[in-house]
Amino acid sequence: MTPWLGVVADDYTGATDLAGRIASEGTSVTLWFGVPPPGEIASDLADCAVVALKSRSVEASAAVDLSIAAARSLRTGGIEHLYFKYCSTFDSTERGNIGQVAEALAKETGARIVPFVPSAPANGRTVYQGHLFVGRELLDESPLRNHPLNPMRDSDLARLLTPQVSWSVSNITHGAVARGAEQIATEIDALANSTHVIIDAISDEDLASIARATESLPLTTGSAGLAAALARTRRGRRAWSVLPAPRPALGGTVVISGSTSAATRGQVAAFRRSNPSFEVSPFALERGDPVVEAALEFVADALAAGAVPLVFSTVERDEILRAQNQVGIRPAAELVESALARIAVGARELGATRLIIAGGEVSGAVVNALNIARVSVHDEVAPGVPWIATGGPNPMTLLLKSGNFGAPEFFIEAVAR
């Protein structure tokens, strides 16, 4: 038995988000960080294989190459359906990467139609009349319009997607979706070849209908919402394989936050009220100050005292802009990501066995620095934020949180779990 669903995810927290949602549906999941070696997928007993890439913020051509390599590894492993996972806020630019990757995967799989379904109602992300909403706000009127790497200044998904692709772009509106899977399938069948189609969805019921209408297609794209609906649709249609072992019970917890989202800023503030914290400043890093060394001394002292330390570079928007103006947008981000990744490695060497990481880019940097290639997926602390565990004689558990996920007490709740 080989996995029936293969997922190419464009960042690490997005991959764990999707893997957690699918696991919560009773589907076994194996998650790889980076493209698996040849033959690895075919030997896996899980029902879903997820390949996490750091391709969201790289050049579009590099994102395409990575995604094609991941897709070929999955398809060689025998998967039946390929899924391209991107953020529910459609993080992209005029040049890509979402559209270019999706079109390349379509050509790789022979798909004539590519559905786009970024809706994740559980997280307040919905699409109506082709426009993406964050809660009650249009995407370009929400705080995400000021994302430091991929600012989202347009909520019209067709307008966002069209400059990135050579195929036509269409929209199946909620009027058709509300009529159920048969109507959605009829609308898809009526589309011309080589069409990208944005499908409205404002509820989990809509996602269930879309899943039934699209499960026989070779390729779908979207957030974790549609992937979970696909898992529900397939549940009961085949014998499940081996479920993961229970999550290891480990201690020595360290929280590392590099996200600049409004949600994470609130979570950092709440956690700092009752826990020791250390701020990593991009200005100090640029000056060459021994920030990493000082942070690890702080972590060592906190762990020795039985505390849960927080190392953060999560500041207000004015401070972010000042760092970007002084250091540069990408250089400032890379300085912080590299420092936090080295701190995570040092924390493991100090005996930490549980790491809670906030921020997609930082999560990717940490996982790569720790040389983690494959994990099992376990229980969720919040929707889309599951614990993952490494194997071997010295296991670790990690929680990789997308910046916008979780309630204000998220870090406190995660530590208690």
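The values are calculated or read from the model by the stated rules, or taken from the named source; none is laboratory data. All figures in this text were calculated on a predicted structure; none of them were measured in a lab. Here the Cβ is made from the backbone with ideal geometry for all residues, glycine too, and neighbour counts use every protein chain on show.
Below are the figures for this structure:
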| quantity | calculated |
| --- | --- |
| Qualifying residue in segment 157-172 (condition: out of contact with any Ser or Thr (no Cβ under 6 Å at 6 or more places or on another chain) and over 22 Å from Asp10 (Cα atoms)) | yes |
| Of all residues making up segment 259-300, the number that are under 18 Å from Ala332 (Cβ atoms), small (Gly, Ala, Ser) and loosely packed, with under 15 Cβ neighbours inside 10 Å | 1 |
| Condition broken by Ser142, with the remaining ones in (1) surrounded by 17 or more Cβ atoms within 10 Å (Cβ to Cβ); (2) among the polar types (S, T, N, Q); (3) under 25 Å from His81 (Cα atoms) satisfied | (3) |
| Hey, Arg179 basic (Lys, Arg), part of a loop (DSSP other than H, G, I, E, B) and modelled with pLDDT of 95 or more or not | yes |
| Members of segment 285-316 found to be under 15 Å from Gly351 (Cβ atoms) and touching a Ser or Thr at 6+ places or on another chain (Cβ under 9 Å), listed by number | Phe298, Leu303, Val308, Pro309 |
| Odd one out for Thr220 among (1) in a strand (DSSP E or B); (2) of a type in the set (Val, Ile, Thr); (3) farther than 17 Å from Ile113 by Cβ | (3) |
| Residue selected from segment 1-18 under the condition hydrophobic (A, V, I, L, M, F, W, C) and more than 26 Å from Thr93 (Cβ to Cβ), by the criterion modelled with the lowest pLDDT | Met1 |
| Count of segment 339-365 residues which are part of a helix (DSSP H, G or I) and at pLDDT 95 or above | 11 |
| Residue match in segment 16-32 (condition: closer than 26 Å to Ile356 by Cβ, assigned by TED's automatic domain parsing to the domain that holds Asp91, crowded, with 24+ Cβ neighbours inside 10 Å and among the charged types (D, E, K, R)) | yes |
| Cβ-Cβ under 6 Å pairs, at least 6 apart or on other chains, segment 357-373 side crowded, with 18+ Cβ neighbours inside 10 Å, far side basic (Lys, Arg) and not in a helix (DSSP H, G or I) | Ala358/Lys401; Gly364/Lys54 |
